[in-house]
Amino acid sequence: MKKIIYPLLLSTLLLGACAQSDTTSSTSTSATAAAATTGSAAVTNVSTTLDDTTDYYGTYEEEDVDASYDASSATTITLDDDATQAADGVTVDGQTVTITQEGTYVVSGSLSNGQLVVNVDKEAKVHLLFNGVTITNDSGAAVVVEQAEKVITTLATDTTNTLTDGSDYTLADGETEPDATFYSKEDLSINGDGTLVITGNYSNGIRSKDDLVLAGGTYEITAKNNAIKGKDSVSILAGQYTLTTEEGDGIQANNTEDTAKGYVAIDGGTFTIQSGRDGIQAETNLSMQNADITIQTADGAQSQSISTDESYKGLKAGGAMVISSGTYTIDSADDSLHTNDTITISGGTITANSGDDGIHADNELTINDGDISIEQSYEGLEASVINIAGGTTQVVSSDDGVNAGGGSDTDEGTGQFGQDSFGGGQPGGGDEADDSKLVNITGGTLVVDAEGDGIDSNGNVTMSGGTAIVDGPTTGGNGALDYNGTFELTGGVLLAAGTTDMAMNVSDGTQQSVAITFDQSQAADNLVTLLDSDGNAIVSYAPSKAYQHVVISTPDMTDSSYTLVSGGSNDGASTYGYYAGGTVTDSTELGTLSVTDTIANLTQSGETASTNQMGGGGFGR
């Protein structure tokens with residue numbers, strides 16, 4: 001991540017300035033007005049300044065964010081079907097207007113079936129100022145950048161600029177491009193705070209074959225394929241985006257040849273994306289902060305008529321995915337967050353409804369902070385290694401809540417797009433352990449509501465801190481805890497409830513862990529409490545679903561004997577069904593639990609539970 005700090009340069013010819021803030025980004029904006037040479041009202045542009053205290057994920061140069069211009073040297077182009085005038089650096093051929101020299105061009109007016117072209121020297125830069133532009137091209141792109149070092153487009157304040165292409169392009173033999181309503185072979189930057197409305201009937205809305213920078217503005221893009229596409233990169237600093245695609249991605253970077261390129265970096269902005277495929281897709285890395293992003297892919301998690309050969313993920317990266325702040329609301333037919341490598345979440349609020357996995361990383365998933373709610377999923381969290389160090393993570397899943405396995409999830413099978421691709425193994429650790437697979441809980445709060453295994457590892461589980469509350473399956477074949485290697489518990493709060501079928505306790509550790517098997521199923525929300533010798537509640541737990549087996553472990557459990565009581569109520573504060581202390585009333589005493597070892601597996605009456613009573617899952621290892 002590169003830290004970019006640039007001052008805003010203002011031309012001495014500008015008439016004035018006033019401050020304005022953009023709450024969706026850590027950037028600030030400055031409005032500057034200059035009289036246009038057409039004699040019309042003054043053209044007001046909004047520049048974005050970069051905060052020198054912010055580490056930006058995107059790459060921004062001073063000129064990308066500076067919307068100011070020298071009116072005295074700018075060339076005015078007034079588009080007109082029959083009367084567009086040629087000028088120095090501007091040629092006109094019917095309704096094709098071509099810019100041929102470096103400089104600043106203030107463009108207004110309309111073409112009903114034409115095109116604006118930029119074709120200058122390879123080392124030349126062009127600044128386009130869209131001051132109320134409407135261009136429709138029935139047989140091609142509305143705007144084409146053929147050649148330049150870079151083209152910077154400013155959307156003038158209080159203007160709406162509309163670009164529309166046709167559904168069928170007339171291209172030279174053997175050519176497949178242009179393929180976007182606003183198409184650039186070169187670096188393209190767009191800034192300002194005006195509005196850009198794009199209809200991409202042929203394929204893409206905006207496309208740059210190099211780097212694409214969006215520093216401000218309001219965008220309303222409807223495209224047959226991708227709404228916004230940059231080959232080498234897409235960097236977004238601010239703006240308002242409404243993106244709708246029929247059979248493509250909302251935002252895409254697709255360089256497959258250079259691992260340093262093909263990335264998407266979002267440092268701010270507000271996004272509403274309805275995509276026919278992935279919401280945001282980066283060939284390499286996807287990094288996001290300070291953004292408010294709402295995504296629906298296909299018909300969301302309830303999608304029915306979709307192709308398993310296509311991808312409908314919410315946020316997708318071929319490399320690393322990083323989320324450090326912002327708000328993300330995702331309703332996806334496929335994984336809500338997906339990467340072929342690693343995901344690191346260090347902040348922000350994520351709400352996901354998924355037809356497949358809530359969050360999937362082929363390699364490693366790390367949650368350091370943030371508020372994550374996976375409201376619907378096939379599997380909630382899935383990666384080879386899952387680290388939970390902070391934040392609050394809530395998971396609802398129809399299969400495993402947390403699954404440490406390994407590999408890609410593109411195999412066909414159960415679920416929207418494939419079975420548990422990580423294998424899962426036989427319940428109760430029936431398969432050989434893979435020590436490269438790990439669930440590691442050191443902090444934060446994890447709350448799981450799973451119909452499959454609650455926490456499942458093809459290898460090991462370690463827990464040294466934090467809180468893990470698992471309301472596991474109510475039917476057979478799965479367990480609240482399932483691991484093929486060891487579960488080492490040295491700290492934190494662990495509460496896990498489920499059936500007796502495949503039930504497991506932890507296997508190793510230094511903190512007491514008591515597994516209790518009840519004589520019969522207990523109703524959802526029925527309180528189970530351990531009292532000390534003085535009758536004080538050490539811990540109470542009210543699982544949200546019916547259960548017959550619980551695992552209870554807290555740092556407060558240091559006695560050698562507890563009284564087990566069932567039902568009643570606790571007047572203390574509840575955290576997802578967990579009460580630390582409090583006073584329990586109207587409960588029923590079931591038995592005395594004598595805990596002679598750090599790990600105890602007992603019946604409700606205090607007897608040692610047999611393997612059959614534990615459902616064959618075992619006592620841990």
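Residue count for the range 583-604 satisfying the condition of being surrounded by 13 or more Cβ atoms within 10 Å (Cβ to Cβ) and part of a loop (DSSP other than H, G, I, E, B): 5. For the residues 123, 102, the requirement of being within 22 Å of residue 215 (Cβ to Cβ), open to solvent by 30 Å² or more (accessible area, probe 1.4 Å) and in contact (Cβ under 8 Å) with a residue 12 or more places away in the chain singles out 102. Within the range 72-96, being more than 18 Å from residue 154 (Cβ to Cβ) and under 44 Å from the mean Cα position of the chain (by Cα) holds for 80, 95, 96. Pairs meeting the criteria (first residue in the range 338-366 and closer than 16 Å to residue 379 by Cα and charged (D, E, K, R), second residue open to solvent by 10 Å² or more (accessible area, probe 1.4 Å) and part of a strand (DSSP E or B), beta carbons under 6 Å, at least 6 apart or on different chains) are 364/342; 364/385. Of the residues contained in the range 164-171, one or more are found to be buried (at least 24 other Cβ atoms within 10 Å of the Cβ) and either assigned to a strand (DSSP E or B) or touching a residue at least 40 places away in the same chain (Cβ under 8 Å) (or both).
Restricting attention to the range 496-522, which residues are within 14 Å of residue 473 (Cα to Cα), of a type outside the set (Ser, Thr, Tyr) and in contact with a strand residue (DSSP E or B) (Cβ under 8 Å, 6 or more places away or on another chain)? Steps first, answer last, please.
Taking the range 496-522 and keeping what is within 14 Å of residue 473 (Cα to Cα), we get 496-504, 521-522.
Okay, now just the ones that are also of a type outside the set (Ser, Thr, Tyr), so 496-498, 501-504, 522.
Those that are within 14 Å of residue 473 (Cα to Cα), of a type outside the set (Ser, Thr, Tyr) and in contact with a strand residue (DSSP E or B) (Cβ under 8 Å, 6 or more places away or on another chain): 496, 497, 498, 502, 503, 504, 522.
Restricting attention to the range 52-86, the residues that are touching a residue at least 40 places away in the same chain (Cβ under 8 Å) and either outside any loop (DSSP other than H, G, I, E, B) or not polar (S, T, N, Q) (or both) add up to 20.
Scanning the range 456-468 for residues that are under 20 Å from residue 549 (Cβ atoms) and surrounded by 24 or more Cβ atoms within 10 Å (Cβ to Cβ) returns 456, 457, 461, 463, 468.
Considering the range 524-550, and only residues there that are farther than 16 Å from residue 596 by Cα and out of contact with any Gly (no Cβ under 9 Å at 6 or more places or on another chain), the residue that is surrounded by the fewest Cβ atoms within 10 Å (Cβ to Cβ) turns out to be 534. Here residue 307 meets each of (1) free of Cβ contacts under 8 Å to residues at least 60 places away in the same chain; (2) over 19 Å from residue 56 (Cα atoms); (3) of a type in the set (Gly, Ala, Ser); (4) buried (at least 20 other Cβ atoms within 10 Å of the Cβ) with one exception, condition (4). Taken over the range 233-256, the criterion of being under 16 Å from residue 189 (Cα atoms) and either over 17 Å from the mean Cα position of the chain (by Cα) or in a loop (DSSP other than H, G, I, E, B) (or both) is satisfied by 233, 237, 238, 239, 240. Filtering the range 333-355 to residues that are crowded, with 24+ Cβ neighbours inside 10 Å and farther than 19 Å from residue 371 by Cβ leaves 333, 334, 335, 338, 339, 355.
Filtered by the rule that a residue be assigned to a loop (DSSP other than H, G, I, E, B), among the small types (Gly, Ala, Ser) and farther than 15 Å from residue 234 by Cα, the range 257-277 gives a lone residue, 276.
Okay, residues lined up against (1) closer than 19 Å to residue 445 by Cα; (2) at pLDDT below 95:
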{"residue": "309", "(1), (2)": "no, yes"}
{"residue": "341", "(1), (2)": "no, no"}
{"residue": "346", "(1), (2)": "yes, no"}
{"residue": "354", "(1), (2)": "no, no"}
{"residue": "374", "(1), (2)": "yes, no"}
{"residue": "389", "(1), (2)": "yes, no"}
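Within the option set 185, 229, 209, being free of Cβ contacts under 8 Å to residues at least 40 places away in the same chain and under 20 Å from residue 148 (Cβ atoms) holds for one residue only, 209.
The values are calculated or read from the model by the stated rules, or taken from the named source; none is laboratory data. Predicted, not measured: the structure shown is a model, and the values here were computed from it. Cβ: placed from backbone, ideal geometry, glycine included. Neighbour counts: every protein chain shown. When the accessible area is computed, the model is the full protein with side chains, heavy atoms only, and any ligands, DNA or RNA have been set aside. Shrake-Rupley method; radii C 1.70, N 1.55, O 1.52, S 1.80 Å.
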